[in-house]
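Below: one structure, written as structure tokens.
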Amino acid sequence: MRLATFNILHGRSPADGRVDLDRFGDAVRRLDADVLGLQEVDRDQPRSHGADLTAVAAEAMGAPHHRFVATLAGTPDLWSAATGDLQPRTAGYGIALLSRIPVLSWHALALPALRGTVPVIFPGRRRPVLVRDEPRAAVAAVVDAPEGPVTVVATHLTFIPGWNAVQLRRLVRLVRDLPRPVVVMGDLNLDGAAPARLSRMRPLATAATFPVTEPARQLDHILADGPLTTVSSAAVDTGLSDHRALVADVLVGARLGDQVGQ
């Protein structure tokens with residue numbers, strides 16, 4: 001099974017600042033993922049030609065099973081908190097999970113969000129900046145793999161230090177009753193080994209993913225709990241976004257500790 005997670009920056013290329021739907025589809029097709037998690041996904045937004053980017057990606061990779069969960073409703077000039085429903089009918093922005101493998105069940109999971117503004121010190125700045133976070137969510141699918149059910153969860157955690165750790169711990173608790181093995185993947189906005197330590201899950205891929213041109217940090221992760229073995233993994237520059245996609249080829253049902261090729 002090939003797993004991949006990709007923060008798509010609503011399909012925009014940093015090279016020319018444009019969203020080209022054909023180029024976006026080609027990038028997804030080249031990843032050749034069986035299960036793909038996407039972050040910063042547009043639906044019916046003018047900046048991405050009014051397209052449903054989840055549907056564009058699904059067609060490109062040949063994934064008949066897919067769900068989009070909006071974290072923000074409306075358009076960028078007038079965002080509001082979304083309902084968190086699977087496949088909302090209105091314009092939105094959020095996360096998506098796509099699968100070429102049949103899906104037994106879908107689950108939309110709300111994560112705790114900070115209210116109001118909080119001070120954050122960004123790299124290169126000495127003084128904190130007051131910021132307001134957007135709502136955060138996760139979408140889970142129990143896929144019907146030949147070896148048995150596998151739960152795959154896609155999410156995009158906050159950039160606010162400390163609070164992303166709270167969200168990750170909550171997410172681990174929310175999926176504890178879903179079938180094992182379970183995979184949590186996405187832009188976690190946590191660097192290096194922190195997600196594995198906080199979640200007590202194993203990394204299936206270790207590679208820097210941000211920034212895209214000369215990546216120095218791994219903000220995107222694929223974590224596992226249960227019998228999954230990594231065969232190979234890589235961070236992939238698709239020509240889109242400010243993140244590289246993270247890809248892991250895994251064996252399902254293999255012994256814990258048999259990981260190779262990381």
Condition set among the hydroxyl-bearing types (S, T, Y) and within 16 Å of the chain's Cα centre (by Cα), scope segment 202-226, selection surrounded by the most Cβ atoms within 10 Å (Cβ to Cβ): answer is T209
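Got a sec? Which of A254, A224 is in contact with a Pro (Cβ under 8 Å, 6 or more places away or on another chain), closer than 16 Å to R2 by Cβ and at pLDDT below 95? Let's see the steps before the verdict.
Numbers: A224 fails: at pLDDT below 95.
Criteria check complete, one pass: A254.
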From (1) closer than 27 Å to R180 by Cβ; (2) at pLDDT 85 or above; (3) out of contact with any Asp or Glu (no Cβ under 8 Å at 6 or more places or on another chain); (4) surrounded by fewer than 23 Cβ atoms within 10 Å (Cβ to Cβ), pick out the condition that doesn't hold for A108.
(3)
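With respect to D42, determine if the residue is on the phi < 0 side of the Ramachandran plot, in contact with a Leu (Cβ under 6 Å, 6 or more places away or on another chain) and among the charged types (D, E, K, R). Don't jump to the end; show me each part of the working.
Values: on the phi < 0 side of the Ramachandran plot: yes; in contact with a Leu (Cβ under 6 Å, 6 or more places away or on another chain): yes; among the charged types (D, E, K, R): yes.
Here the answer is yes, as D42 does meet what is asked.
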From (1) in a strand (DSSP E or B); (2) of a type in the set (A, V, I, L, M, F, W, C); (3) over 28 Å from G253 (Cβ atoms), pick out the condition that doesn't hold for F122.
(1)
Count of residues meeting criterion [touching a residue at least 40 places away in the same chain (Cβ under 8 Å), of a type outside the set (A, V, I, L, M, F, W, C), within 19 Å of L223 (Cβ to Cβ) and not in a loop (DSSP other than H, G, I, E, B)] in segment 134-166
3
Could you give every pair whose Cβ atoms fall below 6 Å, whose first residue belongs to segment 41-68 and is under 14 Å from L21 (Cα atoms), and whose second residue is buried (at least 18 other Cβ atoms within 10 Å of the Cβ) and basic (K, R), counting only separations of at least 6 or pairs across chains?
D52/R43
So is L38 within 29 Å of E147 (Cα to Cα), modelled with pLDDT of 95 or more and touching a Ser or Thr at 6+ places or on another chain (Cβ under 9 Å) or not?
yes
List the pairs whose first member sits in segment 1-26 and is in contact (Cβ under 8 Å) with a residue 12 or more places away in the chain, whose second member is of a type in the set (K, R), and whose Cβ atoms are under 7 Å apart, counting only residues at least 6 apart or on separate chains?
H10/R47; R12/R18; S13/R23; V19/R12; V19/R47
Considering only segment 58-89, state which residues are modelled with pLDDT of 75 or more and in a loop (DSSP other than H, G, I, E, B).
G62, A63, P64
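Tally the residues that are farther than 15 Å from D191 by Cα, part of a loop (DSSP other than H, G, I, E, B) and touching a residue at least 12 places away in the same chain (Cβ under 8 Å), restricting the search to segment 214-229.
From segment 214-229, those farther than 15 Å from D191 by Cα are 214, 224-229; that's our starting set.
With part of a loop (DSSP other than H, G, I, E, B) added as a condition, the list becomes 214, 226-227.
When the remaining residues are screened for being touching a residue at least 12 places away in the same chain (Cβ under 8 Å), the result is 226-227.
Of the residues in segment 214-229, 2 are farther than 15 Å from D191 by Cα, part of a loop (DSSP other than H, G, I, E, B) and touching a residue at least 12 places away in the same chain (Cβ under 8 Å).
Take the residues in segment 10-57 that are in a loop (DSSP other than H, G, I, E, B) and among the charged types (D, E, K, R); name whichever of them is farthest from A235 (Cα to Cα). Full working, then the answer.
Quick first cut of segment 10-57, residues in a loop (DSSP other than H, G, I, E, B) only: 13-18, 20, 32-34, 44-45, 49-51.
Adding the requirement that they be among the charged types (D, E, K, R) leaves 16, 18, 20, 32, 34, 44.
On the way: D16: 22, R18: 23, D20: 22, D32: 14, D34: 16, D44: 29 Å.
Per the stated criteria, the residue is D44.
The values are calculated or read from the model by the stated rules, or taken from the named source; none is laboratory data. Bear in mind that the values here come from a model prediction, so they are computed numbers and not experimental data. Ideal geometry is used to build each Cβ from the backbone, glycine not excepted, and the neighbour counts take in all protein chains shown.
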